[in-house]
Amino acid sequence: SSGINAEWPLRPGTFPLTFGSPYNAVHDNALVKQVDLPSTTGHFGILPHHVPTIAILVPGTISITNEAGDVAKYFVSSGTATIHPDSSVQILAEEICAVADIDDGAVRAGLEAAQGKLSSASSEADKAAAQIEIEVYQSMISAA
Amino acid sequence: AVVSTQSGHYGRGGMATLKDIEMRLKSVKNMKKITSSMKMVSAAKFARAERALKPARAYGTGAASLYEKNDFDTSGKDSVLLALSSDRGLCGGIHSNVGKMVKAAHAETPITKAIIVGDKAKAILVKVIGDTFLSCFNNVGKKPTSFTDALDIAEEVLSHDYDTINIVYSKFKNIVSYNTEEKPVPSLESVESNAAIYVYDEVDSEVLRCYQEFTLANIIYHSMKECEASEQSSRMSAMENATKNAGEKIDALTLQYNRTRQAVITRELIEIISGASALE
């Protein structure tokens, strides 16, 4: 569904959120109270009537507070976040994973492997790629 | 006894024609098995494509929201055509409809740059706008489109200069219909030069560039997922019709076979009887 959630004007304190990856639409124009997200210009929070914004996501944790006040946390890869003048919000990430689903063992193993890659990397591109991997894994560890 | 004399069924002795009908029956029965199994395969692929389309639509609609909610100039004279099809046929009018739309657009305003996805569209369009091809992609249609495929295509598009991209693709409506549509996407320059973008806070060149690139990949991904669902449902219909037609042909041929067989037997009986009476 595109466009504004028709119920929104009747539910103050909320705004419509579309949050998804190419394969998984977590929220499709669902009404939520608050979203906190990691961007290139720092972590910021979105409440209704936030100033229109265009932002780039960095890998990190997104927290979504629904109408009932429950907070759900997801780890996202990079992507984009848009807040429109009509207060609708679209957060699109290439990969989304519920923080609860993160496998700590796999993350630590991945981090070690990435650190190995960094020390054995020769080209600048390889070093940068390994550095990005390390940062993402460290971010995942602090998310859980 | 009255002998039915359908013309064309009396070859030498009629036995040779019986064999012909037998061969045709065998081949049509084989064809029916093939189209029937293709229909079932398409049905399975369609179910998967329709399921994948749901999140892809939310994703793609979200991505395009900036362009929907603001009026960026997409009438640019320097536009690139991106035609989305696949490598496989037997899906009704899917590819030819993309071809038709492109040809009609070309007749109105000549296309100068084109990127073609899928061998079928390439074959249809090479004669009309072959000299405008910047790049062609194939290996499309065998496996479901992944986001990485869309990234590859977006990267190719972004390596060229343009004002607007016009994406021609098949938008899925329902299991029996789709619409061939043209979707314009403004370039970074188009967006940057429009004052509307500065309503958005924190908009700097670098942010906007990343945003545009990612959004283009997202829109391409969504469009390809629409194509996938349209194509599989169209193939399902086409194979269903082919199977039904084959079934009707088998019934008609079987009828013909039986009549011919009876006619042959009747003729042999007459020969035997007249031969016997000649001996008396």
Is there a residue in the stretch A:61-82 that is facing chain B (nearest Cβ under 9 Å), assigned to a loop (DSSP other than H, G, I, E, B) and of a type in the set (G, A, S)? yes
Note down all Cβ pairs under 8 Å where the first residue falls in the stretch B:130-152 and is within 23 Å of B:K113 (Cα to Cα), the second is aromatic (F, W, Y), and they're at least six residues apart or on different chains. B:D149/B:Y221; B:A150/B:Y221; B:D152/B:F137
Answer with yes or no whether B:Y257 is among the aromatic types (F, W, Y), assigned to a helix (DSSP H, G or I) and closer than 30 Å to B:S190 by Cα. no
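Please count how many residues of the stretch A:75-90 are surrounded by fewer than 22 Cβ atoms within 10 Å (Cβ to Cβ) and out of contact with any Lys or Arg (no Cβ under 9 Å at 6 or more places or on another chain).
The number of residues fulfilling the criteria is 3.
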Can you name every residue in the stretch A:31-48 that is surrounded by fewer than 18 Cβ atoms within 10 Å (Cβ to Cβ) and within 13 Å of chain B (Cβ to nearest Cβ)? A:T40, A:T41, A:G42, A:F44
Suppose we filter the stretch B:114-143 for residues that are touching an Asp or Glu at 6+ places or on another chain (Cβ under 8 Å) and of a type in the set (K, R); how many remain? 2
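Looking at the structure I just gave you, is A:E67 more than 27 Å from B:A52 (Cβ to Cβ), surrounded by fewer than 17 Cβ atoms within 10 Å (Cβ to Cβ), in contact with a Lys or Arg (Cβ under 7 Å, 6 or more places away or on another chain) and not β-branched (V, I, T)?
yes
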Log entry, pairs with first residue in the stretch A:27-52 being farther than 17 Å from A:V76 by Cα and in contact (Cβ under 8 Å) with a residue 24 or more places away in the chain, second being surrounded by fewer than 20 Cβ atoms within 10 Å (Cβ to Cβ) and among the aromatic types (F, W, Y), beta carbons closer than 8 Å, six or more apart or on different chains, reads A:L31/A:W8
So which of A:A125, A:A100, A:A106 is out of contact with any helix residue (DSSP H, G or I) (no Cβ under 6 Å at 6 or more places or on another chain), part of a helix (DSSP H, G or I) and under 30 Å from A:G13 (Cα atoms)? A:A100
Identify, by number, the condition in (1) closer than 22 Å to B:G118 by Cα; (2) away from every other protein chain (no Cβ under 14 Å) that B:K225 doesn't meet. (2)
Among A:T80, A:T65, the single one that is in contact with a Cys (Cβ under 9 Å, 6 or more places away or on another chain) and modelled with pLDDT of 95 or more is A:T80
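Would it be correct to say that A:D101 is more than 24 Å from B:S65 (Cβ to Cβ) and either of a type outside the set (S, T, N, Q) or at pLDDT 90 or above (or both)?
yes
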When the stretch B:172-222 is examined, which residues are found to be facing chain A (nearest Cβ under 9 Å), more than 22 Å from B:A49 (Cβ to Cβ) and not hydroxyl-bearing (S, T, Y)? B:I197, B:V199, B:D201, B:E202, B:V203, B:E206, B:V207, B:L208, B:C210, B:F214
Single residue of A:L31, A:L37 found to be within 24 Å of A:R11 (Cα to Cα), touching a Ser or Thr at 6+ places or on another chain (Cβ under 6 Å) and hydrophobic (A, V, I, L, M, F, W, C): A:L31
If you scan the stretch B:165-194, which residues turn out to be of a type in the set (V, I, T) and either loosely packed, with under 15 Cβ neighbours inside 10 Å or within 25 Å of A:E94 (Cβ to Cβ) (or both)? B:I165, B:I167, B:V176, B:V185, B:V191
Out of everything in the stretch B:123-147 that is within 30 Å of A:L92 (Cβ to Cβ) and of a type in the set (G, A, S), what residue ends up being modelled with the lowest pLDDT? B:G141
Examine the stretch A:13-26 for a residue that is buried (at least 21 other Cβ atoms within 10 Å of the Cβ) and away from chain B (no Cβ under 11 Å), and state whether such a residue exists. yes
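The values are calculated or read from the model by the stated rules, or taken from the named source; none is laboratory data. Quick caveat, the model's predicted, so the values are computed rather than measured. We place every Cβ from the backbone using ideal geometry, glycine too, and count neighbours over all the protein chains shown.
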